[in-house]
1. Looking only at segment 755-798, which residues are surrounded by 21 or more Cβ atoms within 10 Å (Cβ to Cβ), closer than 20 Å to Ile842 by Cα and of a type outside the set (Gly, Ala, Ser)?
2. Only one of (1) on the phi > 0 side of the Ramachandran plot; (2) crowded, with 24+ Cβ neighbours inside 10 Å fails for Gly290. Which number is that?
3. Kindly provide the set of residues from segment 266-284 that are assigned to a loop (DSSP other than H, G, I, E, B) and either among the aliphatic types (A, V, I, L, M) or within 17 Å of Leu254 (Cα to Cα) (or both), ordered by number.
4. Answer yes or no: is there a residue in segment 42-53 that is over 27 Å from Phe625 (Cα atoms), outside any helix (DSSP H, G or I) and either modelled with pLDDT of 55 or more or in the same structural domain as Asp430 (by TED's automatic domain parsing) (or both).
5. Suppose we filter Gly926, Gly912 for residues that are crowded, with 19+ Cβ neighbours inside 10 Å, modelled with pLDDT of 95 or more and under 27 Å from Leu318 (Cα atoms); which single one remains?
6. May I ask you to say which residue of Ser324, Ser365 is free of Cβ contacts under 8 Å to residues at least 12 places away in the same chain and either in a strand (DSSP E or B) or not assigned by TED's automatic domain parsing to the domain that holds Tyr166 (or both)?
7. Taking segment 754-791 only, how many residues are among the aromatic types (Phe, Trp, Tyr) and not in a strand (DSSP E or B)?
8. Name every residue in segment 496-519 that is surrounded by fewer than 20 Cβ atoms within 10 Å (Cβ to Cβ) and touching a helix residue (DSSP H, G or I) at 6+ places or on another chain (Cβ under 9 Å), in order of residue number.
Amino acid sequence: MIALIGVAGTAYAQSTPPAQPVARVEITGSSIKRIAKEGALPVEIISRKQIDAQGIVTAEQLIATLSVNGTGSDNLASNADVTSGAQRGNNGASSANLRGQGSDSTLILLNGRRIATHGMKGQAVDLNSIPMAAVDRVEVLKDGASSTYGTDAIGGVINFILRKDYHGLEAQLFNDITQQGGANITRGSVTGGWGDLDNDGYNVLAALSHAESQKLRGDERDFVQTFQPNRGVSVDTRGTPYATIFATSLAPTLLSKGSAGATLPGGTQAFNGVNVLDLPGQAGCKSVPGMDAYDEKLWDSPAAAYGCAWDTGRAAVLQQPVTSDNAVLRGTWKRGEHQLFAEAVGSQTVVAKSFSPNQISPSASTFNATSFYPSTGAAYNDIYNALVKVFPSVAANYGLPIAYRWRCMECGNREIKTKTRAVRYLVGADGPLQLGGKTWDYRVGLSQAWSQSVSTLGTGYNYTADLAKALGSGIINPFLAPGQTQSQAAMDLIKSTSAEGVELYGGKSIMTELDATLSGELFNLPAGAVMGAVGMDFRREEYRFNGDTRDVSQRRAILNAPFDDVNALNNVSRNVKALFFEVAIPVFKSLEVTLSGREDRYDGFGNTFNPKASFRWNPVESVIFRGSYSSAFRAPAFNQLYNGVTESPYAGKDLADPATCASGKVDSNIVGCASVTPVIFTGGKQNLGPETAKMGTIGMVWEPFTGFSANADLWLIRRYDQIKSITLTDLVKNYNLFQDRFLHQNGQLVAIDQRWVNAGTSVTEGVEVGARYNFKALDARWTAGIDGTRLLEKKSKPLESADYGKSEVGVFTFTGDLGLKWKHVAYLNYQNGPWSALLQNIYRSGYEDQVLPGVASGKVVPSDYSSKVKAYSIYNVSLTYSGVQNLTVTGGIKNIFNTDPPFAITYDSNTGAGSTWEPRVADPRGRSLAITVNYKFL
């Protein structure tokens, strides 16, 4: 009675199709051709029809609906703002993250073979390069697969399979329009196929598509509002459109002749970062759009009591604008039972990343005293008079320049445009061979794939020295009263310092591969034929990365432009040679055991062998038990091996030196627990080895009667010697283990080494469940189902000798995967003649929220504070009509109830796209109307 063993849940199930002749096919995760129901592995198959019914036109959209996919910073919304350190180079890329193991531990295949990793970092495949318009189905293997595919297949495998033997000509138009504006999505595609393999002996497939996703700004959605101190969140930046005045050790200034700031009469607290608007009797911070009072209590920074802040969240772009073009050309020739094929797949993706305008601050290396606001003019006197009323001691400083921090709104939002081109050429053949009196199936292919990315500066970036000189001229006024604007001379001066058009960095990843597999029956046992497969895989991987491409003599510094010159690699490469095998043994009629293994030899660190054992037991007709145990590995990426050292100042105010503060948390009432802002070192290590993993699954499929089935799979993944940049939280928490990574000078913490290492162990455990029921009612066929993932455990330790930390299930983390306890997709499908409909629910459970320093220390108890982030649940509906010949129309509403992302304190000192919502969990677009029109001309 089991219809599709090994095929777990789908986006929605369909009615059982008419019986077809039994054919053996190759299923993702196995090298042996077999009947689909014979498999022992949990494979989810998503058809083209299911993808269209959901209004999905990109691979990122599809992956986001899978409950088995993790909740990491892998989508374009999560990487929409400022990034630093190891996150640089993610510009324009989105990735998959099965079982929360990370994008670099999820293997992406196209027609069963590898494609090039994203050119910028060379670590994970960019989903934007997948030609979704030509995809026939997607197979998701929820199990480790290094014994078949080698590196990266720790979390699982996603195999995008293109249409084959297609003949006809069809065009499709898609439009997804949001109700609230912004983030609209459009796509147009044309697919043609000529020739029938069986009758004509050939088939040619060609497909072209063009898609655009518009940007979504933070100020276009009401749920983005970072000034909510009553709920425990406010902005930690005093880079404001109306400048904030600072004292600095660089030179005597109006606020102070030293670096301590000014004090109130009779007071002892030195106030630094003073904004005139926030002083008694002034207009107030709110008088300037986007500004509000700096909340020194939440950030436990008493010296900032007279500061203003600016809402970076509403200035952020929540969804980056993306334009992509994809093309597929495939030719297949059939000669007898043999097929020869040649395939070319190409894409071009342009992502225009845009985020908050630059802030200008006093600095010894950039904006020294010559750039301070001059001590002349009406604006200077206005500032002086306002300060003297509150801080009489400032009167003695008249005539000294003003050091300040200013958000240069006139410079424009910072923009980085990334163009990525990806190509794969493939030639191959498959068919039967007669060897030793037996028939074997062979498959052989030769391919080359590459991905090349270039990031170019747009608006918002200025040459540092030119801008410093312009600021020192006094023509530009950073203290404009509300309603005032810069003079035309000031605007022209700012524009003259622009660095727009400078190439920031670029990279190229190249992979050349020769693979061959031979499979067939080995011999017979009483329970049936023993099936086997052997194969080889030879790859050459290459990578190069460039930083600043300007001539050395022309490399003028650009303010806050994240050049990665230190990571420039002219060309690095390695060869990978692998042999693998697989044997499926029918022990009894009801029990099959499969053994497989793969030996990989890498230039650089030698050999690694990864075995796998799985079983499928069918004790009664309605029940199947299945399970597997395997090892897996991930080879270090080139940039993890060869990157230089990048220095990034820590911008937060929540870090204390663990050498003097046992908790590592800022608390101004405890000596030694003051806020520190050390430099963070990130970069590569050439002696890195592979990280390894051991994993197991055990599950069952139950079909008590026709039309109903349920499945459950318990899984556990243990990873060792992880290639990781140890988080600051772990470094601080385990200071005794990592003292050598904290650099002190004269008793002060000046730097923390966060470079890549092989360190630590992690454990992730969960259960994937699903159920579906096909039935007839009201003269129609119905399918109801659910697919969910329950995360049972997620924990890690920084070193093997250390203890495991607290469980990360349902707890906020700054980076990596957010371990949500439960996720599901539930659906109800209706089919009646030319009509079909789909109702879908996507659910993500809540979790423990982030806590800002003042709340964490207990000094502040916000009136409306909640430590929990609520669950996120949205409903989608679509209706399809195919009653007109050659025409299919699908209309749908996404997020029927226009549910906003739940409030979450996702604030990371201007290095994240959240503020008051979590982009790893929720979709910021809101309710939208999606329409797809598909017409077949031939």
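The values are calculated or read from the model by the stated rules, or taken from the named source; none is laboratory data. Just so we're clear, the structure is a prediction, and the values are computed from it rather than from any experiment. Note that we place each Cβ from the backbone using ideal geometry, even for glycine, and neighbour counts take in every protein chain shown.
1. Once the filter is applied, which keeps residues that are surrounded by 21 or more Cβ atoms within 10 Å (Cβ to Cβ), closer than 20 Å to Ile842 by Cα and of a type outside the set (Gly, Ala, Ser), segment 755-798 yields Glu768, Arg772, Thr783, Asp787, Thr789, Leu791.
2. (2)
3. Step one: of segment 266-284, the residues assigned to a loop (DSSP other than H, G, I, E, B) are 266-269, 272-273, 275, 279-284.
Within segment 266-284, Asn272, Gly273, Asn275, Leu279, Ala283 qualify.
4. no
5. It is Gly926.
6. Working: Ser324 fails: free of Cβ contacts under 8 Å to residues at least 12 places away in the same chain.
Every option except Ser365 fails the conditions.
7. Number satisfying all stated conditions: 1.
8. Ser496
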